[in-house]
Structures are given as structure tokens and as C-alpha cells.
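The values are calculated or read from the model by the stated rules, or taken from the named source; none is laboratory data. The shown structure was predicted, so the numbers you read here are calculated from the model rather than taken from an experiment. Neighbour counts run over all protein chains shown; Cβ positions are idealised from the backbone, glycine included.
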Amino acid sequence: MKFKIHPDNISPLYVVIAGLFICFLMLSNIIVGRLVSVGGIVINGDFFLFPITYIFGDILTEVYGFERTRLIIWLGFLVNIIMATYFFIVLRLPYPKEFVDNNAYMTVLGSTPLIVFASITAYFSGEFTNSITLSVMKKITKGRWLWTRTIGSTIAGEAVDTTLFMGIVFFRALPFQVWLQIAVVQYLFKVGYEVVATPVTYLITNKIKRYERLNAFDYGVVYNPFKI
């Protein structure tokens, strides 16, 4: 079966995948500051959720190409800024004395500027590293061995994402051993998550390719994250 090499329109399925990508991204960024202790190991609250965004990123790049994925990464970036800005403004508006839960809202949603900066920096850098790595590897492998691209791009993207976020937010706030434990566990889990999910990623990606009759190869594409 022959597929188109590049997309020439925006399909409803592309919009659905993009919406789910941004949904998981927003949920991850809201809960990321909540530390969880599992069997004595400390992890972030987005431990089980955020890796899914990388799977969606893999699917977007593999099927629709880097340029279409770049648009969604920027949209996620914009949505995060809007969300953080709205939280910041609303949580500082006057409230009636009968409302006694403001401190709880501040604790959960009142992210500090440092966390917001770390989150959007790590997301932006990690997602583009993931997408570019997968796109380049696809051309090198001539579209074969999808597992090498999904796992290889996650290894690169998650290394950038985890290092930036953990370095900006927690490096000075935690003892080095605790910081290193969280960073290493986060990274290994997220990469392991991708490995375990590889059969599912294969299945979904191939079904989407057949449905869309599309298999993007980014020949001639300039990997400039700032070109929209």
C-alpha cells in the first residue's frame, strides 16, 4: 500500500491527537510539583502521566512529520503560558471572607515563577529534541525499525527534559543524593515506559498511517524550532 509522503491538509484525527497531547501535558504540569513516595522512592506527581506526551509526540512526528509536530509543540507551549498566567492572576484577586480554601488553591495551583519557567523550558527543549531525533533517525533508517526511533528519541528527549526541570527546580532545594535519586528514577522510568509501550505505539502508529494514508519523511526540512 502506498502512502503520501507529506500531509497536504489537516485531518480530524490529527486534531484529536493534538488535543490529547495538550490535555496530558496540562495535567502533567499541574501535578508535577506534588512529590510522591513509593516504596521509599521519591517521584514527581506526573511520573505516570508525562511519558504519554512523548508517545503522542512520536506518533505525530512519525505520521505527520516534524513541521506539523512543531506546530503542536508551540501550541502546547502557548497553552502552558496561558494556564500559568491565569492561575497567577486569579489566585491573587480578592476573595470573600466566607471562602476559606484559598490557601489550598495556592498550594496546588499557585506555582512559583521558577517552576513555571522550568516546566516550559524543559517541555520546549525536550519535545523538540524528541521530535528532531525521531525525524532524523527515520530518514537514516529509511522508515524501518520504528522501535529504534521511538526509544532513541525518548532517550534523547527525556534526558534533556529531566535534566533541565530537575536542575532548575530541585537542584538547590534538595540534598544532592535525593536530587540524583529522583532525577535518575524519573529518567529510567520514562525511558522504560517507552520501551514497554513500544508494541502499543507500533499498533497505533500503523493504524493511523493506514487511516490517513500518510507516512511523512522530512526530506528538505529545516529543523528550526522557531520557524512556525
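Per this entry, MET166 is counted among residues that are without any contact (Cβ under 8 Å) to a residue 60 or more places away in the chain, in contact with a helix residue (DSSP H, G or I) (Cβ under 7 Å, 6 or more places away or on another chain), surrounded by 21 or more Cβ atoms within 10 Å (Cβ to Cβ) and not aromatic (Phe, Trp, Tyr).
Looking only at residues in segment 206-228 that are more than 22 Å from VAL15 (Cβ to Cβ) and more than 21 Å from the chain's Cα centre (by Cα), the one that is surrounded by the fewest Cβ atoms within 10 Å (Cβ to Cβ) is GLY220.
Where residues in segment 192-228 are among the polar types (S, T, N, Q) and free of Cβ contacts under 8 Å to residues at least 24 places away in the same chain, which of them is nearest to PRO51 (Cα to Cα)?
At the first step, the residues of segment 192-228 found to be among the polar types (S, T, N, Q) are 198, 201, 205-206, 215, 224.
If we keep only those that are free of Cβ contacts under 8 Å to residues at least 24 places away in the same chain too, we end up with 206, 224.
Numbers: ASN206: 20, ASN224: 24 Å.
Among those that are among the polar types (S, T, N, Q) and free of Cβ contacts under 8 Å to residues at least 24 places away in the same chain, it is ASN206.
Where residues in segment 77-133 are acidic (Asp, Glu) and assigned to a loop (DSSP other than H, G, I, E, B), which of them is modelled with the highest pLDDT?
The initial filter retains those residues of segment 77-133 that are acidic (Asp, Glu), namely 98, 101, 127.
Add one more test, that the residue is assigned to a loop (DSSP other than H, G, I, E, B), and what stays is 98, 101.
Working: GLU98: 86, ASP101: 83.
Within segment 77-133, the match that is modelled with the highest pLDDT is GLU98.
For the structure I just gave you, tell me whether GLN181 is at pLDDT below 90, farther than 22 Å from SER125 by Cβ and surrounded by 14 or more Cβ atoms within 10 Å (Cβ to Cβ). Yes: the conditions hold for GLN181. Where residues in segment 21-47 are closer than 23 Å to GLY152 by Cβ and touching a residue at least 24 places away in the same chain (Cβ under 8 Å), which of them is surrounded by the fewest Cβ atoms within 10 Å (Cβ to Cβ)? My answer is PHE24.
Residues of segment 38-60 that are at pLDDT below 75, among the β-branched types (Val, Ile, Thr) and over 16 Å from GLY192 (Cα atoms): VAL38, ILE41, VAL42.
Quick check on THR154: is it under 19 Å from GLY76 (Cβ atoms), of a type in the set (Val, Ile, Thr) and crowded, with 19+ Cβ neighbours inside 10 Å? Considered against the rule, which asks whether it is under 19 Å from GLY76 (Cβ atoms), of a type in the set (Val, Ile, Thr) and crowded, with 19+ Cβ neighbours inside 10 Å, THR154 comes out as yes. Count of segment 109-161 residues, restricted to those that are among the β-branched types (Val, Ile, Thr) and under 14 Å from the mean Cα position of the chain (by Cα), is 8.
Which residues, taken from segment 49-96, are in contact (Cβ under 8 Å) with a residue 12 or more places away in the chain, within 26 Å of ASP218 (Cα to Cα) and of a type in the set (A, V, I, L, M)? ILE52, ILE55, ILE59, LEU60, VAL63, LEU71, ILE72, ILE73, LEU75 - these are the residues of segment 49-96 that are in contact (Cβ under 8 Å) with a residue 12 or more places away in the chain, within 26 Å of ASP218 (Cα to Cα) and of a type in the set (A, V, I, L, M). With respect to the stated conditions, LEU134 fails to be in contact (Cβ under 8 Å) with a residue 40 or more places away in the chain, aliphatic (A, V, I, L, M), in contact with a helix residue (DSSP H, G or I) (Cβ under 6 Å, 6 or more places away or on another chain) and more than 26 Å from VAL200 (Cβ to Cβ).
So for segment 32-44 (the condition being within 14 Å of the chain's Cα centre (by Cα) and on the phi < 0 side of the Ramachandran plot), does at least one residue qualify? Looking through segment 32-44, at least one residue is within 14 Å of the chain's Cα centre (by Cα) and on the phi < 0 side of the Ramachandran plot.
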